[in-house]
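Each remark here refers to the structure printed beneath this line.
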Amino acid sequence: MLRRLIYILLLLPMACIDPFKVEVPEGQQLVTIEGIIHNGPGPHAISISRSATYGSVFEGLIRPVTGATVVIRDNEGRITFLEETENSRGNYFTPAGFRAEIGKSYTLQIQTVEGKVYSSLPERVLSSPAIENVSLKTVTIPVEGEIIPRSGVQLISEINDPADQKNFYFWRLSPVVHVLEARPDLFVNRETRTPAPKACCYTCFRTEATGNQSLFIAQDDNFNGLTTRIPAGFIEDNGLRFVSKLRVDLKQYSISQEAFRFLRLVKQQAEISGSIFDPPPATIRGNMISLDNPDEVVLGYFMAAGESSKRIYIDKSDLTFRQIAGIVPDDCRTVSGASIDPPFDWKP
C-alpha cells in the first residue's frame, strides 16, 4: 500500500506540464502625424511615421511613411503641396516662400500610397507678440552618485501680452551655432596607437540641433495684458558648447487653445516620475483623424501658429557655472556639423 501511494505521488507533478496557449491580439500600427506651419520663413515640415505591430521583429521601431501626397488647404480653398526629400524620408516640406497668413485657417490632408486618407481639424493662425528681450540664467541639476551636477542655460522670454485676446504660447529653439575648440596636436593614430599631431584645425564653428529638454508652454491666465518674463528654453552645457560663444534663435508661437491642451497633456505624461501617485499613461489623441476609419487612433498634432523670433549670442562669461571643458583630440573639422568658416550671418 505504501509503495502504491509513493508511485501516485511521483506521478502527480507530471500531470501539470501541458502548455497553455495564450492568444495575444496583434497590436495596431499607429500612425503619427506632426508638424507646424507659421507666418515665419520656412521651409515648414510635416513628419509622418508608423509604429511596428506588437510581436513584430521590428517592434519598438518607428518607421517613416514615404511616398504620401501631403497638402495644406487654407479656408479660401488655396492648396499647397509639400514635397518629401531623399535625405529625409517621411518628412514633407513646404515650398520656398510659403508662409501662413495671420487670421487664416489651415487644414492638413494626407493620402498614403495604400490609399488611406487622413485630415486634420482646421487650425487658425493667431498673431504672436514680439519677444522684447531674452535674459539668461545658469541652472544646475544634481545627479545622484555624481559630484559634478548637470548644468546649462535657461532662456527667459520677456513679452508684452496683448489684453484683447486669450493667448497660448509655445517655444522652440533653432539649431545652435557655437565655437568649437579642438586639440589636433593630441591626435593619436588608431592603428599604431602612436602620437600623430595634426597642424589643423584648432577652431571651428559647429551647427547642431540641441532641442529643448522639456516642452515650454504657457497661457496668459495670470498675466493677460501685462509685461511678463517666462522660462522658454534650456541649452545643456556639455563641456563643448560654451567654451567661447554660442548663437541660438528663440522661436515663440501663438497657438490655439486645442494645441495648448494637447501639448500640456504630452508634457504631463513626459514628466511622470514613476511613483504610485502618478496617473497611468494614456494615448493622447490630437487633431488628426482617419477619413476611412473614424475609430482608427491617429497620434500627433498639426499646428498653425503666428511666430516671433529673437536671436541671441551667449558668451562663456554669461555663465555662473560651467562644465569642465571637453577635449576633442583631432582636427575640429572631423566633428559632425563643424566648419572652419563662420556662418555668413555670424555677427556676435
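We did not get these values from a lab; they are worked out from the coordinates using the rules stated. Source: prediction; values computed, not measured. Ideal geometry is used to build each Cβ from the backbone, glycine not excepted, and the neighbour counts take in all protein chains shown.
Distance cut-off 25 Å, Cα to Cα: go down the list Lys137/Lys251; Lys137/Lys245; Lys267/Lys347; Lys251/Lys347; Lys166/Lys347; Lys198/Lys316 and report the pairs above it.
Numbers: Lys137/Lys251 18 Å; Lys137/Lys245 16 Å; Lys267/Lys347 35 Å; Lys251/Lys347 19 Å; Lys166/Lys347 36 Å; Lys198/Lys316 27 Å.
Pairs exceeding 25 Å: Lys267/Lys347; Lys166/Lys347; Lys198/Lys316.
Return P(r) of the chain (all Cα-Cα pairs; 10 Å bins starting at 0; whole %; ordered from short to long distances).
Whole-percent P(r) values from 0 Å outward: 5, 18, 24, 24, 15, 7, 3, 3, 2, 0.
Using each residue's phi in the range 233-242, evaluate 6.51 cos²θ - 1.76 cosθ + 1.60 at θ = phi - 60° and report the 3J(HN,Hα) Karplus result to the nearest Hz, with x for Gly and Pro.
In residue order, the calculated couplings are x, 8, 10, 6, 8, 9, x, 10, 6, 10 Hz.
Most mobile of Thr32, Thr194, Thr203 per a Gaussian network model of the chain (Cα springs, under 10 Å)?
Thr194
Which Rg and Dmax, in Å, describe the Cα atoms of the range 27-125?
Cα-based Rg and Dmax for the range 27-125 come out at 14.6, 47 Å.
So, in nm, how far is label Lys166 from label Asp318 when the simple model puts each one 7 Å beyond its Cα toward the Cβ?
Placing both labels 7 Å beyond Cα along the Cβ direction yields 3.5 nm.
Roughly what percent of Cα-Cα pairs across the range 282-348 reach past 15 Å? The partial results should precede the final answer.
Values: 1723 of 2211 pairs.
The share of Cα pairs beyond 15 Å in the range 282-348 comes to 78 percent.
Any chance you could check the Cα centroid distance between the range 166-228 and the range 244-275 for me, in angstrom?
If we compute the Cα centre of each part, the gap is 18 Å.
With Cβ to Cβ distances under 14 Å as the rule, what net charge do the other residues near Phe170 carry (K, R +1; D, E -1)? Walk me through the numbers on the way to the answer.
Values: positive: Arg172, Lys251, Arg261, Arg264, Lys267; negative: Glu34, Glu123, Asp220, Glu258, Glu307.
Result for the local shell: 0.
Using 0.36 nm per residue of separation minus the Cα-Cα distance, give me the extension gain between Glu101 and Ile141 in nm, one decimal.
Details: separation 40, 0.36 × 40 = 14.40 nm, distance 4.07 nm.
My answer for the length gained is 10.3 nm.
Sort out for me the Cα centre separation of the range 308-327 from the range 91-164, rounded to whole Å.
The two parts, judged by their Cα centres, are 22 Å apart.
In whole Å, what three semi-axes, largest first, describe the equivalent ellipsoid of the range 199-311 built from its Cα gyration tensor (square root of 5 times each eigenvalue)? The partial results should precede the final answer.
Working: eigenvalues 220, 83, 64 Å².
The answer is 33, 20, 18 Å, longest axis first.
Tell me the net charge near Arg285. Cut-off is 12 Å between Cβ atoms, Arg285 excluded, with +1 for each Lys or Arg and -1 for each Asp or Glu.
On the way: positive: Arg261; negative: Glu258, Asp295, Glu296.
The answer is -2.
Go through 184-190, 287-293 and give me the packing order, highest mean Cβ count within 10 Å leading.
287-293, 184-190
For Phe93, what is the net charge nearby, where nearby means another residue's Cβ is under 15 Å from its Cβ and Lys, Arg count +1, Asp, Glu -1?
Working: positive: Arg89, Arg99; negative: Glu34, Glu83, Glu84, Glu86.
Once all neighbours under 15 Å are counted, the net charge is -2.
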